[in-house]
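Novice: Handing you a structure now.
FYI, it's all coordinate maths here, none of it is from the lab. Since we're looking at a predicted model, the values are computed, not measured. A quick note on method: Cβ atoms are made from the backbone with ideal geometry, for glycine too, and the neighbour counts reach across all protein chains shown.
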Ligand SMILES: Cc1ncc(COP(=O)(O)O)c(C=O)c1O
């Protein structure tokens, strides 16, 4: 009989002890942090699911490669290895290293956009939107309608609505649209993948109108694996072959190597256009560094060069997607409302459905995230009314899974804590804001529980 258990495809050589504080200590710490989990020290967190960005465990091969890091200011062989690795997967002519994804976004939009332009995307991630708007352009989200219904099942819920894209081009004219972007997977939309069919359809529209297609490639390997699992015709292709096909349809990409680069820092920007690349490198020198290091140490370039290929290993992706789905499926079968189907890097709890007695104005997402911390020392993040104010259409709590960091028993523990909180959900209270900054308030706002 074939073995059904999916195991972590690694063994552990170096361990990092974790200690959750006691419940009474957690209560005190949370109160001292103004009931904002961003302000709780990480030593007091038992399982940290705040983000999957920059939190991966590196492999022995990555650590070994780091020792080869050549820290020359110009012309480092570490850059040559980095470029070779990126080009082997992504295939673009120019590879420009940056210190993280948002630096690539800032440079891209500064070069490509002017005031009044429009940049359609399936859904802009918040730094992508902010950098696009900073360049004077409008960041337009065009997800398919199914993406807006948390409980709706769809194999490629990250797809772009191509009918609305065509309508946008017809209404505003191609001259106003310097580029279209596709975010793989769609982080803000629940970590949902985009199909190859949709990538092709978006590219066809772009080609017809002379518009460039860029990919936000942060989670390209997870997206490639979903295509293998779910899209007809791809079951026998390797994730690398699928990734190469994805990028063959694009004119360039931005990347945060803190996700599927398996690195703790880094990113890059790619293009096939020589003139655009020169303009981007000029800007890079101004704020990031010389084009052969772009704000990174030579050892970081080495770690990314290895990590990008490890992220495409099939055994790893099988475990990665299965362990995220394990968490989602085990809580949803007990009735816990989540964004369906489980995404690649995270599970999103639907806090409005979890706590229907707490109105959006009383921050159900904050209430749920804080309860998971108090109950079991788990840190998650609210993506809802605290983050987006009155523009929030959903109140979600994201449980992002760091790559290769937690084992099956850690995930089983998380399931147990969520189910415990679910059982006593009727007693959970909402919150109100005590103080808040002008921008990006979710990072530093102070709150207090509403009185009964
Ligand atoms: C889809 C997406 N794009 C861009 C970024 C920005 O990358 P970075 O945090 O490296 O600046 C992120 C980070 O979470 C992301 O998820």
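Novice: Could you check the spin-label model distance between residue 13 and residue 151? Points 7 Å from the Cα along Cα→Cβ, value in nm.
Specialist: Label at residue 13, label at residue 151, 4.8 nm between them.
Novice: Okay, moving on. When you count, for each residue, the other Cβ atoms within 10 Å and take the mean per peptide, how do 353-360, 119-126, 11-18 rank with the highest first? Write out the running numbers ahead of the final one.
Specialist: Numbers: 353-360: 17.9, 119-126: 23.8, 11-18: 8.0.
By packing density, highest mean first, the sequence is 119-126, 353-360, 11-18.
Novice: Mean separation of Cα pairs under 8 Å and 6+ residues apart, divided by the residue count of the chain: what relative contact order is that in percent? Please list the in-between numbers first.
Specialist: Values: 941 pairs, mean separation 104.0, N = 452.
After rounding, I find 23 percent.
Novice: Using the count of nearby Cβ atoms within 10 Å as a rough guide to exposure, how do 317, 22 rank from fewest to most?
Specialist: Ranking 317, 22 by Cβ neighbours within 10 Å, fewest first, gives 22, 317.
Novice: Can you give the extra length, in nm with one decimal, that the chain gains between residue 416 and residue 375 once fully stretched, where that is 0.36 nm per residue apart less the Cα-Cα distance?
Specialist: Contour length minus Cα-Cα distance gives 13.7 nm.
Novice: Among 160, 196, which comes first, then next, by fewest other beta-carbon atoms within 10 Å?
Specialist: 196, 160
Novice: Relative to the present Cα-Cα distance, how much length would full extension add between residue 427 and residue 200 at 0.36 nm per residue of separation?
Specialist: 76.8 nm
Novice: Same structure, new question: Taking the beta-carbon count within 10 Å as an exposure proxy, list 288, 375, 84, 390 from fewest neighbours to most. It would help to have the intermediate numbers written out before the result.
Specialist: Values: 288 24, 375 16, 84 11, 390 7.
Listing 288, 375, 84, 390 from fewest to most nearby Cβ atoms yields 390, 84, 375, 288.
Novice: Please figure out what share of the DSSP beta bridges in segment 150-288 is antiparallel and state it in percent, rounded to the nearest 5.
Specialist: Within segment 150-288, antiparallel bridges account for around 45 percent of the total.
Novice: Students often check this: by mean Cβ neighbours within 10 Å, which of 239-246, 361-368 ranks highest, and how do the rest follow?
Specialist: Per-residue mean Cβ counts within 10 Å order the peptides as 361-368, 239-246.
Novice: As a test of the formula, what do you get for the chain when each DSSP H run with n ≥ 4 contributes -39,500 (n - 2.57) and the sum is divided by the residue count, at 222 nm and rounded to the nearest 500 deg cm²/dmol?
Specialist: After summing the helix terms and dividing by residue count, I get -12500 deg cm²/dmol.
Novice: What FRET efficiency, computed as 1/(1 + (r/R0)^6) with R0 = 60 Å and r the Cβ-Cβ distance, is obtained for residue 238 and residue 28, rounded to the nearest 0.05? Intermediate values should be presented prior to the final figure.
Specialist: On the way: r = 51 Å, r/R0 = 0.85.
Computed FRET efficiency for residue 238 and residue 28 comes out at 0.75.
Novice: Using a Förster distance of 41 Å, how high is the FRET efficiency between residue 72 and residue 164, based on the Cβ-Cβ distance and rounded to 0.05?
Specialist: So the FRET efficiency works out to roughly 0.25.
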